[in-house]
Every structure is written in structure tokens, then in C-alpha cells.
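Novice: Below you will find the structure I want to go over with you.
Quick note: the coordinates plus some simple rules give every number you see, no bench work behind them. In this text, all values refer to a predicted model and were calculated from it rather than measured experimentally. Here Cβ is always computed from backbone atoms with ideal geometry, including for glycine, and neighbour counts include all displayed protein chains.
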Amino acid sequence: TYVPLVELIHEAAERWNLKSSQLIHVDSEVEDAFIYADRIRITQVFDNLINNALKYSPGKEVIRIRIAEEAGCYVIEVTDYGIGIPAEMHARLFDKFYRVSHSGSRQIKGSGLGLYIVKKIVTDHGGTITLTSEVGRGSTFRLRMPKPDHLD
Ligand code: ATP
Ligand code: MG
């Protein structure tokens, strides 16, 4: 089915905004962004990314989600201003059970499955996920989801 991307992201952000004192700000350059996807699984992607962004920014900094358009795809960026991820760990970050031992920060619990699942869902939908991050400054996870050829 076709799912309304922007609406779905607003819903996910809204749910987390109710649970957390940390603000999740959604900024969209597009209005109607439909993608061909499984609504439940796509929601799981944003839940996981928002969950991580909150979990790994213990200073309660704002989380920013930006939705934009590129030729042939929608780009969604989830940015936090948290602890960041060392560059040498980026390649393994999406592996099953992989977790970073962040030095200097108190141990944050998790199973290491979140990003593995995120990547699986995104690639199953023909999309890609990349990240840019700087230790002590924060991280941006960038999704590219293909636009449907035609809506029917
Ligand atoms: P869970 O299965 O509960 O999501 P998790 O959060 O540890 O557990 P992933 O979501 O797969 O597992 O993330 C893998 C690792 O990547 C995390 O342990 C964490 O070290 C690092 N990480 C993920 N997102 C961020 C982020 N936004 N900022 C800093 N580190 C992150
Ligand atoms: Mg996680």
C-alpha cells in the first residue's frame, strides 16, 4: 500500500513527545510524500531511530527530523546532538547485536538489534540508510526512500 510519509513521521514524533520531555521537532519541505511501503514496518524504522536519538543524547537536547525531496526519492534525516559515534564503528553499526561501548558515558542498555532491523526494513523497501556523526557532537541518520513511479 501507499503510506503518507510525512503524516507517519509526525505521528511517531508526537507519540515520543508525549513520553519524553525531550523535544522532537519535525521540519518538512514536502507535503504529500507517499511511498509504497508497509505502514507498520516503516513506523518501526522511525520509532527505532527516534528511540536511539533520545537514548544517546542524555543532555536532553532537541531531536530534529527533516524531510526533503530529491530526484527520485525522499530524504529523511534524524539528527541528535548527543554523544555521537566514533567513525571506526560506523561500518559495523547496522550488524545484528552490535553495540558501541561509548567511553565516558554511563552504560546505556539495549540489545543491539534496533539498527539491524531498521536497515533490513529500509533495504527491503528499496531505500538506503547512511550516517554522519561526530563524537561529542551528535549524529544524523539519513534515509533515502524511493518515490513510487506512479500512484494508482
Ligand atoms: P536496541 O536493540 O534496544 O535498539 P541499541 O540501541 O543498543 O539496542 P541499536 O539501535 O542497533 O542498538 O544501535 C546500535 C548501537 O549504535 C548502540 O548500542 C549505540 O551504541 C549506537 N547508536 C545508535 N544510535 C545512536 C545515536 N543516535 N547516537 C549515538 N550512538 C548511537
Ligand atoms: Mg536502539
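Novice: Among Gly72, Leu49, Gly112, pick out the residue whose Cα is farthest towards the positive end of the charge dipole of segment 44-135, where Lys and Arg carry +1 and Asp and Glu carry -1 on C-beta, about the Cα centre.
Specialist: Farthest towards the positive pole: Gly112.
Novice: Relative contact order (percent) for segment 26-138, with alpha-carbon contacts under 8 angstrom and 6 or more residues of separation?
Specialist: Working: 146 pairs, mean separation 33.0, N = 113.
Once normalised by length, the contact order is 29 percent.
Novice: Something else now. In µm²/s, what is D for the chain at 25 °C and 0.890 mPa s, where D = kT/(6 pi eta Rh) by Stokes-Einstein and Rh is the Kirkwood radius from Cα pairs?
Specialist: Values: Rh = 15.7 Å.
Value of D from the Cα-based Kirkwood radius: 156 µm²/s.
Novice: Something else now. Quick one: which of Lys55/Lys147; Lys60/Lys119; Lys19/Lys96; Lys55/Lys96; Lys60/Lys96 span more than 22 angstrom between C-alpha atoms? Walk me through the numbers on the way to the answer.
Specialist: On the way: Lys55/Lys147 31 Å; Lys60/Lys119 26 Å; Lys19/Lys96 27 Å; Lys55/Lys96 19 Å; Lys60/Lys96 27 Å.
Those over the limit are Lys55/Lys147; Lys60/Lys119; Lys19/Lys96; Lys60/Lys96.
Novice: Quick one: length gained pulling Lys109 to Gln44 fully straight, 0.36 nm per residue minus the C-alpha distance?
Specialist: Values: separation 65, 0.36 × 65 = 23.40 nm, distance 1.89 nm.
Here the segment from Lys109 to Gln44 would lengthen by 21.5 nm.
Novice: Amide H to amide H, which residues 5 or more places from Lys147 or on other chains are under 5 Å from it, using H placed in the peptide plane?
Specialist: Result for Lys147 returns Cys73, Tyr74.
Novice: What is the set of long-range amide H partners of Val26 at a cut-off below 5 Å, with H atoms built 1.01 Å from backbone N?
Specialist: Correct list: Ile65.
Novice: Report the net charge of residues surrounding Asp95, where surrounding means a beta-carbon distance below 15 angstrom and charges are Lys +1, Arg +1, Asp -1, Glu -1. Could you put the intermediate results ahead of the total?
Specialist: Working: positive: Arg92, Lys96, Arg99, Lys119, Lys120; negative: Glu88.
Every neighbour counted, the sum reads +4.
Novice: Find out how many positive minus negative residues lie around Ala71, taking Lys and Arg as positive, Asp and Glu as negative, among other residues whose Cβ is under 12 Å from that of Ala71.
Specialist: Details: positive: Arg144, Lys147; negative: Glu69, Glu70.
My count for the surroundings of Ala71 gives 0.
Novice: Then there is this: When a/c reaches 1.5 or more, the comparison of a/b and b/c decides; with that in mind, is segment 55-124 rounded, prolate or oblate per its Cα gyration tensor?
Specialist: On the way: a/c = 2.24, a/b = 1.34, b/c = 1.68.
Here segment 55-124 falls in the oblate category.
Novice: Based on the Cβ-Cβ distance from Ser21 to His90, what FRET efficiency comes out when R0 is 41 Å, to the nearest 0.05? Write out the running numbers ahead of the final one.
Specialist: Working: r = 29 Å, r/R0 = 0.72.
Approximately 0.90, to the nearest 0.05.
Novice: Let me ask something else. For a protection proxy built on the mean count of beta-carbon atoms within 10 angstrom, sort 73-81, 135-143 highest first, please. Each step should come with its number before you reach the end.
Specialist: Details: 73-81: 21.0, 135-143: 17.8.
Going by the mean number of other Cβ atoms within 10 Å, highest first, we get 73-81, 135-143.
Novice: Turning to a different aspect of this structure: Helix 5-19 versus the longest principal axis of the chain: what angle, 0 to 90°, nearest 10, using Cα atoms?
Specialist: Approximately 40 degrees, to the nearest ten.
Novice: In a shell of Cβ-Cβ distance under 12 Å around Leu113, excluding Leu113 itself, what net charge do Lys and Arg (+1) and Asp and Glu (-1) give? Spell out each step's value before the answer.
Specialist: Details: positive: Lys96, Arg99, Lys119, Lys120; negative: Asp95.
Computed value for this residue: +3.
Novice: Using label points projected 7 Å from each Cα along Cα→Cβ, tell me how many nm separate Val30 and Ser101, to one decimal.
Specialist: The modelled label-to-label distance comes out at 4.2 nm.
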